[in-house]
Amino acid sequence: MKISLNEIKKYVDIPKDLSTEELIRLIGARLVEVEGSEDWSEKYKGVKIVKVVSCEPIPDTHLHLCQIDCGSKDLVQVVCGAPNVHADMFAAWLAPGCVVPATFETDEPFEIGSRKLRGYESSGMLAAADELALGEDHEGIIEIDPAMPGVKPGASFAEVFDLNDIILDIENKSLTHRPDCFGLVGFAREVAGILGIKFEEPSGLEGREASRPRGSLALSVEIIDSDLCPRYSCAVVDFADAPREKYFTKDDVFLIKADMRPISPIVDLTNILMLKTGQPLHAFDYEKFVRVGGAKEPKIIVRAAKNGEKLELLDGKTIECDENDILITSNDTPVALAGAMGGASTAIDETTNCIILESATFSLYHLRKTQMKHGIFSEAVTRFTKGQPAGQTLAVLSEAVEELGVEPLEVVDYYPAPIEIPPIEVSVADINSLLGTDYSEELIVRTLANVGLMCEKLGAKGLSVKVPYWRTDLHIKEDIIEEVGRLLGYDNIPLSFPTRPFVGARDDPMRILKNRIRDILSDRLNAHEILTYSFVSKALQEKFGEDPKDSYEIVNSISPELQCFRQSLAPSLLEKVQENQKAGYKDFALYEINQVAKKSDGLNNEGVPVMKTNLALAVTGDYYKAKAYYVELMKELGLQAGDPRRAGAGDAHGAPRSGAWGAGSPSDDSWGCAQQDPQHPCGTSQLANSLLRKFKLEGPVAYFEITLDDYLDRSLENKTKNLRFSRFPSVSRDLTIKVSQDTPYEKVYDSLDRGLVKTGLIYKIEPVSIYEPKENLEKTKNLSFHLLLNNPERTLNGDEVSDIMYKITKETCKAVSGEII
């Protein structure tokens, strides 16, 4: 967002001893970040306003030989090729030695000189808008309105058009909650408050009402749903006698400073008032509006669009609407996409004699969806999506009618449910206690009054703050306290130690559990933690088999891909597995710890959705590899695999269950598996291949997801488990045991674990593989493990390791009826 410092100074008497750099610093510290500033004063140095005294065509060329009056005694001769140059016009002249403004501060600045063209001496040049960096028009030179104050031969172009200015580049994303600051008046009000200056509200807007119409037209307004459009004001204005000749004026420069382009007198007027007040306006051709509606008595109906309803917009694009769009209709025939863009059927052109001026406010939530769906990012819709207040629609409409200099034929203000903002009560003690300050009541009252927050005393140090219509962000006393701190400067609050006792807060049990899990999975098991969006699309949920109707849908989602708060972590996790596989990674494990919620879980005692903290892990590998991660995690947490209880029968994926290790639904603690081997017990071959195809995965891929809330108490019971460390090197050994095909993996793992516990060593058991031959006549399988052994007191020697391996393998083979191979 671009804002002119000179325009701010028209509303605020900025102290002369305050430097621009300090003002920018204060704005950045107390209101919004200023990304940069641009000084225009040097750019137009030497550019003058001149009058073309004579203009004669040069034979056999498109050129004209002009004599111009630049304010000196003698006329200056200039050769000009613009088709619109003519005698008695005022134009902008770049004298010899001037740098063309469009090339100012570029790598190749172009300096104007004197030279001969077709044998005629030409001094300097008459400039077009694009050469002056004041637009993109190069069809002709700019023609200056001779009636403008200060326009005379030799006058400084920069002074007449107020170009000795500094343009501030505002990072407006942090102003999303402040629709008033998207208008020059609101921004200037904040600057005044920051500087401790009382802001004088513009007389043209404060408390203004539109002049009463003569009632010569029967225009009426109906709002079907006031939630979509709280207020709709409009006026019918006779435009027949309005000036059509387009000069280059200060209004053009005002728009260009704000990074907008001049279009036509009426469109420019609506844009200028929008930039000043933050309130967008739109103009319809009245005759076309009536003709489209096809009724004797024209009626504006504001309603939600119907699915599939089509509308051709001003830019020539035809859109297909849905129920989230809001339409302006003429007797129910769509003529505009409310808040975003007008329709082609009622566009203003050179034949327009009568217009309807619209000043309304619409649901910011619906317009955000409209903006994203149709890709419309105009200045108007940007302001509407911040929630423009209904309180100023009629006042801004009145200002527009007055600027046109005509009496309205009709004015309609439809405001079915006027919004009343209740006062906010706060005490001086509340303010000082929260901010850690010692501000007086007088200072607080004056500071708030500077920005239009008027205070009424309620007795002993109590204040009732009246909230003006433009402050839609103020609701509770903490908002008022924040205003005081912000306007007076948080950096001015004295630094002091808290007066409360320094007692350590109790650590959050869930935080402890999550950190322990991260230590285990990331540091010991080499899994990689990721963080994905908490919001997902309905399409992704359906792909995974979840019902989007059980999700909490985001009212004002910023993207169709972020519509629903997720029910589980697995869909997002599997997407990231696919992205990593696509990047060339083959063997890895990803996990995420985050919150999930679904409607079927209901609400808590505070009336908000029940939130659960889940852990999901996905690994490139089969069921047993994912299970090994789970078993090792439970072991390190001091829990048994399968604790706590798991979900009962009724798998949403249709996969069979087998006690604690059954393949589970993503809505519960679950095991899921997308793989190609139909012999594994975590899903059928058809189902597995289906998941692989849907997520474009290279199988096998397995995952599990558990709800950490269920494990919290049990993990805390084992929180004090002693962890041992050693400064001596570890010894590794590989081990493969041949067992019967029906021998569970856990049985072999647990037997090894019991044997190693007896040694008193620090150890780690890592699963390597499970091998079954294709022609398995013996009905056996080979289980391979990687063991890490460490003595906390000294380095192990070879004989000791051999003795340990002999003992544990002998005990394990006996326990599982296996043999070492």
Structure-derived mean projected area of the Cα convex hull in nm²: which label, when the choices are (1) 61.1; (2) 37.6; (3) 51.6: (3)
What length, rounded to one decimal in nm, is gained on full extension from H86 through to Q578, with 0.36 nm per residue of separation minus their alpha-carbon distance? 170.4 nm
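Note the full-extension length gain between T176 and Y585 as 0.36 nm times their separation in residues minus their Cα-Cα distance, in nm to one decimal. All intermediate terms of the calculation are to be shown ahead of the outcome.
Working: separation 409, 0.36 × 409 = 147.24 nm, distance 4.05 nm.
Result: 143.2 nm gained on full extension.
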Result for the chain: accessible area per residue, probe 1.4 angstrom, in square angstrom, of 49
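What FRET efficiency comes out for the pair D523/N492, r = Cβ-Cβ distance, R0 = 35 Å, nearest 0.05?
On the way: r = 45 Å, r/R0 = 1.29.
Rounded to the nearest 0.05, the efficiency is 0.20.
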So for the pair S817, K779, with labels modelled 7 Å out along Cα→Cβ, what separation do we get in nm? 1.0
For a 23 Å ceiling on Cα separation, which of these pairs sit above it: K599/K635; K246/K386; K43/K152? K599/K635; K246/K386
The range 294-349: GluC sites (Glu not before Pro) in DSSP loop, at most 16 other beta carbons within 10 Å: E309, E323
Once both axes come from the Cα atoms, what is the angle between helix 20-30 and the longest principal axis of the chain, in degrees from 0 to 90, rounded to 10? 50
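Could you work out how much longer the chain between F502 and S37 gets when fully extended? Use 0.36 nm per residue separation minus the Cα distance between them, nm to one decimal. The partial results should precede the final answer.
On the way: separation 465, 0.36 × 465 = 167.40 nm, distance 4.52 nm.
Length gained between F502 and S37: 162.9 nm.
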Table column - 3J(HN,Hα) (Hz), the range 607-622, Karplus curve with 6.51, -1.76, 1.60, x for Gly and Pro: x, 10, x, 5, 9, 10, 9, 10, 10, 10, 10, 10, 9, 7, x, 8
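If you roll a 1.4 Å probe over the range 47-160 with all protein chains in place, what percent of the accessible area is carbon or sulfur? Write out the running numbers ahead of the final one.
Numbers: 2830 of 5850 Å².
Of all accessible area on the range 47-160, carbon and sulfur atoms account for 48 percent.
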Which chymotrypsin sites (Phe, Trp or Tyr not before Pro) from the range 535-585 combine a DSSP loop assignment with at most 16 other Cβ atoms within 10 Å? Y552, Y585
Of the GluC sites (Glu not before Pro) in the range 349-453, which ones lie in a loop per DSSP and count no more than 13 other C-beta atoms within 10 Å? E350, E420
Rounded to the nearest 10 Å², the accessible area of C354 using a 1.4 Å probe with every protein chain kept is 10
Let me spell out the model: positive unit charges on the Cβ of Lys and Arg, negative unit charges on the Cβ of Asp and Glu, origin at the Cα centre of the range 47-160. What dipole size does that give, in debye rounded to 20? 540
Out of V253, L275, V221, whose Cα points farthest toward the positive end of the dipole of the range 218-286 (charges: +1 Lys, Arg; -1 Asp, Glu; placed on Cβ)? V253
Per residue of the chain, what 222 nm ellipticity follows from adding -39500 (n - 2.57) for every DSSP H run with n ≥ 4, rounded to the nearest 500? -7500 deg cm²/dmol
Positive-end residue of P146, A129, I770, charge dipole of the chain with Cβ unit charges: I770
22 Å Cα-Cα reach of K774 towards lysines, excluding residues that sit fewer than 8 places from it in its own chain: K625, K738
Karplus ³J(HN,Hα) for the range 529-544 (6.51 cos²θ - 1.76 cosθ + 1.60, θ = phi - 60°; Hz, whole; x = Gly/Pro) runs 7, 10, 9, 10, 4, 6, 10, 9, 8, 5, 4, 5, 5, 5, 4, 8
Accessible-area value, K152, 1.4 Å probe, nucleic acids and ligands omitted, Å²: 120
Lys/Arg Cβ at +1, Asp/Glu Cβ at -1, dipole of the chain taken about the Cα centre: which of W40, T759, L65 is farthest positive-ward? T759
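Please get the size of the charge dipole for the chain, origin at its Cα centre, with Cβ charges of +1 on Lys and Arg and -1 on Asp and Glu, quoted in debye to the nearest 20.
Numbers: 93 positive and 128 negative charges, 694 e Å.
Roughly 3340 debye for the chain.
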Using each residue's phi in the range 139-152, evaluate 6.51 cos²θ - 1.76 cosθ + 1.60 at θ = phi - 60° and report the 3J(HN,Hα) Karplus result to the nearest Hz, with x for Gly and Pro. 6, x, 6, 6, 10, 8, 5, x, 7, 5, x, x, 7, 7
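Assign unit charges at the C-beta atoms only (+1 for Lys and Arg, -1 for Asp and Glu), then state the dipole size of the range 731-820 relative to its Cα centre in Debye, rounded to the nearest 20. Can you show the working numbers first?
Numbers: 13 positive and 15 negative charges, 20 e Å.
In debye, rounded to 20, the range 731-820 gives about 100.
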Write down the percent of antiparallel bridges among all DSSP beta bridges whose residues are both part of the chain, to the nearest 5. 95
So how tilted is helix 685-695 from the main axis of the chain? Cα-based, degrees 0 to 90, rounded to 10. 30
Quick one: angle between helix 623-637 and the longest Cα principal axis of the chain, in degrees between 0 and 90, rounded to 10, please. 90
Area of R524 that stays accessible when all protein chains are in place (1.4 Å probe, Å², to 10): 80
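The values are calculated or read from the model by the stated rules, or taken from the named source; none is laboratory data. Owing to the predicted nature of the structure, the values given are computational and were not obtained by experimental measurement. A quick note on method: Cβ atoms are made from the backbone with ideal geometry, for glycine too, and the neighbour counts reach across all protein chains shown. Each accessible area value is taken on the protein alone, full model and side chains, heavy atoms only, with ligands, DNA and RNA left out. Shrake-Rupley method; radii C 1.70, N 1.55, O 1.52, S 1.80 Å.
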